[in-house]
1. Which pairs turn up if I take residues in region 134-153 that are free of Cβ contacts under 8 Å to residues at least 24 places away in the same chain and in a helix (DSSP H, G or I) and look for partners that are among the β-branched types (Val, Ile, Thr) and surrounded by 20 or more Cβ atoms within 10 Å (Cβ to Cβ) with beta carbon separation below 9 Å, at least 6 apart in sequence or on another chain?
2. Given the criterion at pLDDT 90 or above, loosely packed, with under 15 Cβ neighbours inside 10 Å and closer than 15 Å to Leu161 by Cβ, identify the matching residue among Gly73, Gly89.
3. Given the criterion surrounded by 17 or more Cβ atoms within 10 Å (Cβ to Cβ), over 13 Å from Thr150 (Cβ atoms), of a type in the set (A, V, I, L, M) and modelled with pLDDT of 90 or more, identify the matching residue among Leu33, Leu60.
4. So if I check each of Glu93, Glu130, Glu77, which one is in contact (Cβ under 8 Å) with a residue 60 or more places away in the chain and acidic (Asp, Glu)?
5. Would you check which residues across region 1-27 are farther than 19 Å from Val79 by Cβ, part of a loop (DSSP other than H, G, I, E, B) and among the hydrophobic types (A, V, I, L, M, F, W, C) and list them?
6. I'd like the full set of residues that are out of contact with any Asp or Glu (no Cβ under 8 Å at 6 or more places or on another chain) and more than 22 Å from Asp96 (Cα to Cα), limited to region 51-79.
7. Select from region 1-23 the residues that are under 17 Å from Asp52 (Cβ atoms) and surrounded by fewer than 13 Cβ atoms within 10 Å (Cβ to Cβ) and list them in ascending order.
Amino acid sequence: MRDLQVPLADLSPDVAEALERRGARQVHLYRALAHSPELARAWFDFVWNLRDGASTPRSLREVAILRTAVRHGSDYEWVHHVRMAKEAGVPDETIDAVKRWPDGATGFRADEDLTLRLTDGICDGAVPDELVGACLAAFGPTGYVDMVLTISAYVMVPRVLEALRVPLEATLA
């Protein structure tokens, strides 16, 4: 991380209380976003709905999130979501293989492979028709939208982390 960064701030009391109810911590990303309370609330609502309200399995969405971290070189996103992926039941072997996909990584289930292909397509800004069709067939329209929104949101996260210069928490580094 560079020397300049957005200073970390305290979250508004209502957001801090919402985090506490969820059992979540006030991580550095949240504390950087605290400078814009209204947008921070909107961010939390959106991201938490992606995590808790999507129709696709959380484990599959965590595989996608880990892939966005790899593609965008985001150690912060990787470290935080490895824990969440494990909590969602993603095996260590799968987590490690996400780093090597598509070259040299094997053993992914069909839905994981499809998710990784979709993630890379979104990261590249080009999702081919055949992939859209395969995803619609596998996930259905609702599941496909859930995956596209999740992946797209987590493509944004490393860009925000970089622009705000959010450091990884010392206890996680």
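The values are calculated or read from the model by the stated rules, or taken from the named source; none is laboratory data. Note that the structure is a prediction, hence the values are computed from the model and not measured. Every residue, glycine among them, receives a Cβ derived from its backbone with ideal geometry; neighbour counts consider all protein chains shown.
1. Between residues of region 134-153 that are free of Cβ contacts under 8 Å to residues at least 24 places away in the same chain and in a helix (DSSP H, G or I) and residues that are among the β-branched types (Val, Ile, Thr) and surrounded by 20 or more Cβ atoms within 10 Å (Cβ to Cβ), the close pairs are Cys135/Thr115; Tyr144/Thr56.
2. Numbers: Gly89 fails: closer than 15 Å to Leu161 by Cβ.
Exactly one of Gly73, Gly89 is at pLDDT 90 or above, loosely packed, with under 15 Cβ neighbours inside 10 Å and closer than 15 Å to Leu161 by Cβ, namely Gly73.
3. Numbers: Leu60 fails: over 13 Å from Thr150 (Cβ atoms).
Going through Leu33, Leu60 in turn, the sole match is Leu33.
4. Numbers: Glu93 fails: in contact (Cβ under 8 Å) with a residue 60 or more places away in the chain; Glu130 fails: in contact (Cβ under 8 Å) with a residue 60 or more places away in the chain.
The unique qualifying residue is Glu77.
5. Correct list: Leu4, Val6, Ala9, Leu11.
6. Asp52, Gly53
7. First, the residues of region 1-23 that are under 17 Å from Asp52 (Cβ atoms): 15, 18-23.
Passing the criteria: Glu20, Arg21, Arg22, Gly23.
Residues are listed down the side, and each one gets a yes or a no for (1) in the same structural domain as Ala134 (by TED's automatic domain parsing); (2) loosely packed, with under 14 Cβ neighbours inside 10 Å; (3) in a helix (DSSP H, G or I); (4) out of contact with any Pro (no Cβ under 9 Å at 6 or more places or on another chain):
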| residue | (1), (2), (3), (4) |
| --- | --- |
| Leu29 | no, no, yes, yes |
| Leu39 | no, yes, yes, yes |
| Val47 | no, no, yes, yes |
| Ala69 | yes, no, yes, no |
| Asp96 | yes, yes, yes, yes |
| Lys99 | yes, yes, yes, yes |
| Gly107 | yes, yes, no, yes |
| Leu114 | yes, no, yes, yes |
